[in-house]
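Single-structure report; data block below.
The values are calculated or read from the model by the stated rules, or taken from the named source; none is laboratory data. What you see is a predicted model; the values in this text were computed from it and never measured. With ideal geometry, Cβ positions are generated from the backbone for all residues, glycine too; neighbour counts draw on all protein chains shown. Calculation scope for accessible area: heavy atoms of the full protein, side chains included, ligands and nucleic acids excluded. Shrake-Rupley method; radii C 1.70, N 1.55, O 1.52, S 1.80 Å.
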Number of protein chains: 2
Amino acid sequence: MFAPDLTKNFNKCGDCPIRKRAVCAHCETEELILLEEMKYYRSFEAGQTVVWSGDRMDFVASVVSGIASLTQTLEDGRTQMVGLLLPSDFVGRPGRDSAPYDVVATTDLVMCCFRKKPFEELVSTTPRVAQRLLQMTLDELDAAREWMLLLGRKTAREKIASLLAIIARRNSMLATQTVGDSMSFDLPLTREAMSDYLGLTLETVSRQISALKKDGLIELQGKRHIIVPDFQKLVLESGDDADGGLPI
Amino acid sequence: MFAPDLTKNFNKCGDCPIRKRAVCAHCETEELILLEEMKYYRSFEAGQTVVWSGDRMDFVASVVSGIASLTQTLEDGRTQMVGLLLPSDFVGRPGRDSAPYDVVATTDLVMCCFRKKPFEELVSTTPRVAQRLLQMTLDELDAAREWMLLLGRKTAREKIASLLAIIARRNSMLATQTVGDSMSFDLPLTREAMSDYLGLTLETVSRQISALKKDGLIELQGKRHIIVPDFQKLVLESGDDADGGLPI
DNA sequence: CACATACTTTGACACATATCAATTACCGGA
DNA sequence: TCCGGTAATTGATATGTGTCAAAGTATGTG
């Protein structure tokens, strides 16, 4: 199991093959040492809230293992997930004092943290790190906008297919379980979390998963383990262009 | 009429009261001169496409007047707006070669542009500019996530109320037409553009506007001029917390 | 091993929004 | 001022997703 910590995110170029968006400080070795000294780990149980929206957030972090999600909630309780953080993903907002949304541990979670103050100093004195951070943020913005298209214009079936494809793709980057066009993985989200991601109810999520199963696009082993016999076919159901279809 | 150009966005601290997110290089006077030399203007007619998704985008720009929007489209034509650029807003992605979405002139549009190459050089040699750019991007990310909540969880009526509130707020920052809690402004979007923003059909947009009118939350002069007798009441319909309710 | 609990599936029905179609209002140009 | 075309409204109906309810399936605990 790959367990990235934040120094890894800031590792030398080439040492971070997992995520394109990982922060890479190239040969800034001194800063790496600095980061190494600053880092500490925090663990959370599934369901625990890491930070409440509006609270002071005095650290930045990288997901080591487990899943965290960013959620926003309306007064009457309707909630929408606005960020999904898988291992190696970065959380934190240099220059911001308080979190604009809840950060929740969707599964058991380990994060590699750094106090924000020294991290910000590092950023401001190391242009390449600052630029990498900008690139990461732009990537997140792109992801958010793709997500907006999903929320605003896709059908329930397309939403589910899209989410499965996203998870499958991310998974194939971490621990590949790929044979030809087929692949399998464990769903890291409950039906409810999926519904919060997709802007649906959990019942609709369940029904659409059943429908995809009936149509032979996916197979289930238990409730959580998904087998995708033909990834291309799944992508076809997602509404997206098929070009970006290959698992990487 | 306020007509920001990109040098204005990079003006000295305090000179950019319009947008919190405007890039501010503080006292980087030399760079200001550099920017001044690089800038050029481009005009577009309503409906014209500034950049096609996937095309090379070799400039960054600031909206001087008019409205531009970023849109994404599925193969079958369903389209979702993912960005709305009002005067003083910034477009462009340092470090990226091609645009990830269509940039369309929603109204007649003037932009103040800079070739990307020298702009990127400026960014990489001026840490404070780079940091401001990061802040801007984080602001956009926040806006995108707010938008995701709207798309995923709000009702049609709440969506309309939210959009009107957003435009009213932005408007009150530019050319205020405010009397107490009442305010008025011209809708810069067609019903269709609004529907692309909100993930609705144009008919639903029209119906909900009529409904808000019938309920006395807004008044119409012609099709486009909106009068909001009580801004707080409108915000109440938007589903958001009422706290951020004041026009700033 | 039985039980409690949380998660998931499935069903019946309601409702919000989409779709298709027909008017109506507005705005610019002759 | 009238005319033509685009934009907007309104109506009738269809449909997808939500809501409420019940039953089924895991999963862990004593």
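The residues of the stretch B:50-81 that are among the hydroxyl-bearing types (Ser, Thr, Tyr) and over 17 Å from B:Tyr197 (Cα atoms), listed by number, are B:Ser53, B:Ser62, B:Ser65.
A single member of B:Glu146, B:Glu158 is under 28 Å from B:Asp240 (Cα atoms), assigned to a helix (DSSP H, G or I) and in contact with an Asp or Glu (Cβ under 8 Å, 6 or more places away or on another chain), and it is B:Glu158.
Look at A:Glu120 and say whether it is within 12 Å of another protein chain (Cβ to nearest Cβ) and either open to solvent by less than 40 Å² (accessible area, probe 1.4 Å) or part of a loop (DSSP other than H, G, I, E, B) (or both). It is false that A:Glu120 is within 12 Å of another protein chain (Cβ to nearest Cβ) and either open to solvent by less than 40 Å² (accessible area, probe 1.4 Å) or part of a loop (DSSP other than H, G, I, E, B) (or both). Taking the stretch B:86-109 as the range and being surrounded by 19 or more Cβ atoms within 10 Å (Cβ to Cβ) and among the β-branched types (Val, Ile, Thr) as the test, the residues that pass are B:Val91, B:Val103, B:Val104, B:Thr106. Per the listing B:Arg128, B:Arg224, B:Arg170, the residue uniquely touching a residue at least 24 places away in the same chain (Cβ under 8 Å), away from every other protein chain (no Cβ under 11 Å) and open to solvent by 50 Å² or more (accessible area, probe 1.4 Å) is B:Arg224. Looking for something within 12 Å of chain B (Cβ to nearest Cβ), within 16 Å of DNA strand C (Cβ to nearest atom), out of contact with any helix residue (DSSP H, G or I) (no Cβ under 7 Å at 6 or more places or on another chain) and modelled with pLDDT of 90 or more - is there at least one such residue anywhere in the stretch A:157-164? Scanning the stretch A:157-164 turns up no residue that is within 12 Å of chain B (Cβ to nearest Cβ), within 16 Å of DNA strand C (Cβ to nearest atom), out of contact with any helix residue (DSSP H, G or I) (no Cβ under 7 Å at 6 or more places or on another chain) and modelled with pLDDT of 90 or more. When restricted to residues that are open to solvent by less than 20 Å² (accessible area, probe 1.4 Å) and either in contact with a helix residue (DSSP H, G or I) (Cβ under 8 Å, 6 or more places away or on another chain) or within 12 Å of another protein chain (Cβ to nearest Cβ) (or both), the stretch B:73-85 contains 5. Within the stretch B:203-215, being within 14 Å of another protein chain (Cβ to nearest Cβ) and open to solvent by 10 Å² or more (accessible area, probe 1.4 Å) holds for one residue alone: B:Thr204.
In the stretch B:139-154, the residues that are more than 7 Å from chain A (Cβ to nearest Cβ) reach residues that are assigned to a helix (DSSP H, G or I) and of a type in the set (Asp, Glu) with C-beta atoms within less than 9 angstrom, at least six apart or across chains, in these pairs: B:Leu150/B:Glu158. In the stretch B:84-99, is there at least one residue being under 30 Å from A:Asp76 (Cβ atoms) and assigned to a strand (DSSP E or B)? Yes, because at least one residue in the stretch B:84-99 is under 30 Å from A:Asp76 (Cβ atoms) and assigned to a strand (DSSP E or B).
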